[in-house]
Amino acid sequence: MVKNITIFTTNTCAYCQMVKTYLRAKGVGYDEVNLDENPHRRIEAHSLSGALTVPVTVVTKTDDSQEIIVGYNLSKLVPAIS
Amino acid sequence: MSQQIVVYGASWCPDCHRSRTFLDEHHISYDWIDIDEDPAAADKVAQINHGNKTIPTIIFPDDSILVEPSDKALSEKLVTLNIMQPDNKQSAVVTHDVIMVGAGPAALTAAIYTTREDIDTLLFEKGVIGGLAAVTDLIDNYPGFTNGVHGLELADSLRGQAERFGAVIELGEVMSIKDEGKMKRLETTSGDMLARAVLIATGSDYKKTGVPGEAEYYARGVHYCATCDGAFYRDKKLAVIGGGNSAVQESIFLTRFASHIDLLVRSTLKASEVLRSELKQYVAAGKITVHEGVKPKEIVGDDNGVNKIITTDANDKEVVYDIDGVFVFIGLLPNTGFLKSSGIELDAVGLIKTDQNLETNIKGVFAAGDVRSGATMQIASAAGEGATAALKIREYLEGKL
Ligand SMILES: Cc1cc2nc3c(=O)[nH]c(=O)nc-3n(C[C@H](O)[C@H](O)[C@H](O)COP(=O)(O)OP(=O)(O)OC[C@H]3O[C@@H](n4cnc5c(N)ncnc54)[C@H](O)[C@@H]3O)c2cc1C
C-alpha cells in the first residue's frame with residue numbers, strides 16, 4: 001500500500017509531465033519537488049536515485065519501505081503504485 | 001440480476017472512455033457516474049480502492065468489482081456473468097475507426113482532423129505526449145509564434161486541441177501491426193485492438209555512440225535529453241557530442257547551466273547558418289569551444305559519475321577532456337523496429353515508404369512525420385503530413401481512395 005509519492009522534477013522536463021499526467025489520470029496524489037525552484041535539493045534526488053536525471057519518483061509504502069523510479073517508466077511505475 | 005452495471009469515472013479519463021466504448025459497442029447498458037460531479041460517488045470509489053480515486057471502477061450486478069480493467073478482462077467478466085456471449089470473440093476485441101501509433105506533432109495534428117470529423121480515433125503513446133517536440137526547449141521556427149514557443153507548451157496545446165474534439169490518448173505501446181484485410185490488428189500493451197485504418201507516426205529515437213562507458217553511465221553522466229537533465233550540471237563542465245542542428249541548439253540551451261561546454265564534432269559543423277551564427281556569440285563569450293574532427297573513444301568515470309571523455313583527433317592523436325557529463329546528439333534512428341513482421345515496406349535506413357497519399361504498401365495503413373521516408377524532419381512538416389494523412393484516411397474510410 002502506498003503512503004505517499006514524491007516526484008523530483010524540473011520546469012522543462014517533458015517526462016516529468018508524463019509521470020504527473022499518469023498519476024493524475026489514476027487519481028493518485030503526489031508531492032512535487034521542483035529542482036529549478038529548489039536547486040539545493042538536487043543532491044537529495046541524486047542520492048536517492050543514484051542518477052543525474054529527472055523525474056525521480058519516490059513511492060513510500062505504508063511500511064515505510066521506498067521504491068524509487070528513475071525516468072518515466074510505466075513498467076515500473078504501474079506495479080509500484082498498485 | 002436485474003441491477004445495472006455501474007461505471008464510475010470522469011470525462012477526462014482515457015481508460016474510462018475505453019471501457020465505456022467497449023460496453024457501448026457491445027450494446028451493454030450501464031449507469032455512468034462522473035465522480036467529478038458527484039462527491040459521494042468519489043468517496044465510494046476511494047473507499048473501494050483503499051483511499052485512491054482509481055477509475056474506472058466498475059461494479060457489476062453480482063456486486064463484483066473491476067478497477068481499470070483491460071478490455072480483455074472486462075469481456076471475460078461479462079462472459080462469466082452471462083451478459084455477453086463467449087462466441088462473440090472477434091467482436092470482443094475493441095475496434096476503432098483509426099488507431100494512431102505515436103502522439104507526436106504528426107499524429108496529434110492528424111487526430112485534430114479526424115476527431116473533428118467524428119472519426120473515432122485512438123492514439124498510443126509509449127513515451128512523451130508531444131514526441132520529440134515536447135523535449136525540445138525552444139522551437140523557433142514553428143509558424144504562428146512570433147517569439148518561438150517552448151516545446152512543452154506546444155505539446156500541451158496540440159494535445160488539448162486534439163482532446164477537445166474527442167481524441168483519446170492511451171499511454172502504452174503498439175508492439176505489432178497485422179493486416180487482416182479490411183481490419184488491421186494491433187498488438188498493444190492494452191491487448192489486441194482492431195482498426196479500420198492505421199496511422200504510423202512513431203518518429204525516431206536518439207542514436208547512441210556505442211563507445212565504452214556510454215551504457216554504463218547512462219543517466220549518471222551520459223544523457224540524451226538536455227531539457228530533462230541539464231539542470232544537474234549547474235556550474236559544471238560538459239561535453240556535447242554531435243555537429244548538427246540538435247547538437248548546436250542543445251549546447252546553447254545547456255549554457256544556462258554549465259560553466260563550459262566542449263562541442264565535439266566528428267567531421268565539421270553541419271548546423272544551419274542561423275544556429276552557427278548564434279553559436280558564435282557563445283564561443284566568443286568562452287562558454288562553448290568547438291572541436292572539429294574529434295571522435296569519441298571512451299567515456300570514463302567512477303562511482304560519482306563521469307569525469308572524462310577520451311577522444312581521438314583528426315591526426316588520430318588521443319585527446320582527453322575533463323568534464324562532468326556528456327550529452328549525445330548524433331542523430332536519430334527511426335522507430336520502425338515493431339513493424340518487422342508487418343510486411344510494411346521500409347527504405348534502406350528503416351524509414352517507411354509511402355505513396356503520394358502517404359499510404360504504405362498496405363491499404364489502410366498510412367505514415368506521417370519523421371518516420372516517413374522523404375520527410376523533412378521538422379515539426380511544421382510533421383504537422384502538415386499529419387493533416388494530409390488524416391484527410392486521406394477519411395477518403396479511405398469512405399471508400400474513395
Ligand atoms: C533536440 C531536437 C531539437 C529539435 N528542434 C526542432 C526545431 O526547433 N524545429 C523543428 O521544426 N523541429 C525540431 N526538431 C525535430 C522535431 O522534433 C521532429 O521533426 C518532430 O517532433 C517530428 O514529429 P513526429 O510526430 O513525426 O515524431 P515524434 O515527435 O518523434 O513523435 C513520435 C512519438 O511516437 C512514439 N512512439 C514510437 N514508437 C511507438 C510505439 N511502438 N507505440 C507507441 N508510441 C510510439 C514516441 O514515443 C514519440 O512520442 C528537433 C528535434 C530534436 C531531437
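What follows draws every value from the coordinates through simple rules; no lab data is involved. What you see is a predicted model, and the numbers here were worked out from it, not measured in a lab. No Cβ is skipped: glycine too gets one built from the backbone with ideal geometry, and neighbour counts run over all protein chains shown.
Tabulated results
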read-out	value
Of the GluC sites (Glu not before Pro) in region B:143-226, those whose Cβ has at most 11 other Cβ within 10 Å and which sit in DSSP loop	none
Kirkwood hydrodynamic radius of region B:222-328, from inverse mean 1/r over distinct Cα pairs, in Å	13.6 Å
Sites matching GluC sites (Glu not before Pro) across region A:1-65 that sit in DSSP coil, with at most 14 neighbouring C-beta atoms within 10 Å	A:37
Chain B: angle of helix B:14-25 to the longest principal axis, Cα-based, in degrees nearest 10	40 degrees
Span from the region B:264-312 Cα centroid across to the region B:196-248 one, whole angstrom	14 Å
Long-range Cα-Cα pairs in chain B (distance over 33 Å), rounded percent	44 percent
Exposure proxy ranking, count of Cβ atoms within 10 Å, fewest first, for B:48, B:99	B:48, B:99
Efficiency of FRET between residue B:47 and residue B:314 - r from beta-carbon atoms, R0 56 angstrom, step 0.05	0.20
For region B:266-401: Kirkwood Rh in Å [reciprocal of mean 1/r, alpha carbons]	18.9 Å
Restricting region B:328-394 to GluC sites (Glu not before Pro) in coil, as DSSP defines it, with at most 16 other Cβ within 10 Å	B:345
Quarter of the Cα convex hull surface for chain A, i.e. its orientation-mean projected area (nm²)	4.9 nm²
Cα-based helix-to-principal-axis angle, B:39-48 vs chain B, degrees rounded to 10	80 degrees
Nearest 10 degrees, 0 to 90: helix B:273-284 Cα axis against chain B principal axis	50 degrees
Beta bridges per DSSP with both ends in chain B, % antiparallel, nearest 5	45 percent
Antiparallel %, DSSP beta bridges [both residues in region A:2-81], to 5	75 percent
Spread of Cα-to-Cα distances over 10 Å intervals beginning at zero, given as percent, for region B:5-80	20, 58, 21, 1
Sorted by Cβ density within 10 Å, fewest first, the residues B:33, B:55	B:33, B:55
Size descriptor, Kirkwood hydrodynamic radius, that averages inverse alpha-carbon separations across the protein assembly as shown, Å	24.2 Å
Sorted by Cβ neighbour density within 10 Å, fewest at the top, the residues B:193, B:183	B:183, B:193
